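Heads up, the thing below is written out as structure tokens.
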Amino acid sequence: NAGVMQNPRHLVRRRGQEARLRCSPMKGHSHVYWYRQLPEEGLKFMVYLQKENIIDESGMPKERFSAEFPKEGPSILRIQQVVRGDSAAYFCASSPIQGSGANVLTFGAGSRLTVL
Amino acid sequence: GDSVTQMEGPVTLSEEAFLTINCTYTATGYPSLFWYVQYPGEGLQLLLKATKADDKGSNKGFEATYRKETTSFHLEKGSVQVSDSAVYFCALSGGDSNYQLIWGAGTKLIIKP
């Protein structure tokens, strides 16, 4: 019973390129959450998605960032025209229940993005 | 706004030593408090939690007590093992959007045999 799978685990991009991070939720989970951890800081909530719906994107930067969770396939966090400040660890979590409390979130191992 | 402050790492201890990782918080209302652990190469795992003042969360020999008077939730373990080497995150949640956790920066723990 695989947990939350994130890939790639490490991604290196040059400034101006695009970064795509993927998250496959745990089997049976239909709710996905993305968090970002900047160096020396705690995780910050970015976006909460259900299949084909964005429920809460209050933590997403207004430009260059987008997220989707299609009917089939993983959730994708897309960062266009990356800048050095986007270098961070991006964590995905999933849950079986809408708007779940922290104790039922299952986290992935994270994707570390480095922008040169 | 709400915030969580953890002691900086890395914290390096010998096996069987006593562990304390400090965590203090600032919050309005009555948040729930959590400790998460991330072992190398793995996802964040919930280690323990407490939902109200004076509650003690415990798991795998780790304990933390929700202290409202000192706004603290320090993580303790009486005798650490090499396998406890990991990054530990303190977090709080409250209100309706419990997935919008407020996180500390994490403390890396290194246990030497």
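Given the options B:T24, B:T28, name the one that is in a loop (DSSP other than H, G, I, E, B) and farther than 21 Å from A:L105 by Cα. Among B:T24, B:T28, only B:T28 is in a loop (DSSP other than H, G, I, E, B) and farther than 21 Å from A:L105 by Cα. Taken over segment A:4-24, the criterion of being crowded, with 18+ Cβ neighbours inside 10 Å and part of a loop (DSSP other than H, G, I, E, B) is satisfied by A:V4 alone.
Reported count of residues in segment B:57-113, each being polar (S, T, N, Q), in a strand (DSSP E or B), within 14 Å of chain A (Cβ to nearest Cβ) and surrounded by 15 or more Cβ atoms within 10 Å (Cβ to Cβ), is 2.
Can you confirm whether A:I54 is β-branched (V, I, T), within 14 Å of chain B (Cβ to nearest Cβ), in contact (Cβ under 8 Å) with a residue 40 or more places away in the chain and under 19 Å from B:Q100 (Cα atoms)? No. Whether a residue is open to solvent by 30 Å² or more (accessible area, probe 1.4 Å) and closer than 21 Å to B:G106 by Cβ was assessed, and A:R64 does not pass this test.
Restricting attention to segment B:24-61, the residues that are more than 18 Å from B:W103 (Cβ to Cβ) and out of contact with any Phe, Trp or Tyr (no Cβ under 7 Å at 6 or more places or on another chain) add up to 8. Scanning segment A:41-55 for residues that are open to solvent by 50 Å² or more (accessible area, probe 1.4 Å), assigned to a loop (DSSP other than H, G, I, E, B) and under 14 Å from A:Y90 (Cα atoms) gives a single hit, A:E41. So for segment A:75-91 (the condition being without any contact (Cβ under 8 Å) to a residue 40 or more places away in the chain, surrounded by fewer than 16 Cβ atoms within 10 Å (Cβ to Cβ) and of a type in the set (D, E, K, R)), does at least one residue qualify? Checking segment A:75-91: not a single residue is without any contact (Cβ under 8 Å) to a residue 40 or more places away in the chain, surrounded by fewer than 16 Cβ atoms within 10 Å (Cβ to Cβ) and of a type in the set (D, E, K, R).
Filter segment B:31-56 down to the residues that are assigned to a loop (DSSP other than H, G, I, E, B), surrounded by 15 or more Cβ atoms within 10 Å (Cβ to Cβ) and among the aliphatic types (A, V, I, L, M) and list them by number. B:L44, the sole residue that qualifies.
There is at least one residue in segment A:100-113 that is within 10 Å of chain B (Cβ to nearest Cβ), in a strand (DSSP E or B) and in contact (Cβ under 8 Å) with a residue 24 or more places away in the chain. Restricting attention to segment B:33-49, the residues that are touching a helix residue (DSSP H, G or I) at 6+ places or on another chain (Cβ under 8 Å) and either without any contact (Cβ under 8 Å) to a residue 40 or more places away in the chain or under 17 Å from A:H10 (Cα atoms) (or both) add up to 2. Candidates A:S30, A:S58, A:S94: the one that is among the polar types (S, T, N, Q), open to solvent by 50 Å² or more (accessible area, probe 1.4 Å) and closer than 25 Å to B:S93 by Cβ is A:S58.
The values are calculated or read from the model by the stated rules, or taken from the named source; none is laboratory data. None of the values given here were measured: they were computed from a predicted structure. Note: ideal-geometry Cβ built from the backbone for every residue, glycine included; neighbour counts use all protein chains shown. Each accessible area value is taken on the protein alone, full model and side chains, heavy atoms only, with ligands, DNA and RNA left out. Shrake-Rupley method; radii C 1.70, N 1.55, O 1.52, S 1.80 Å.
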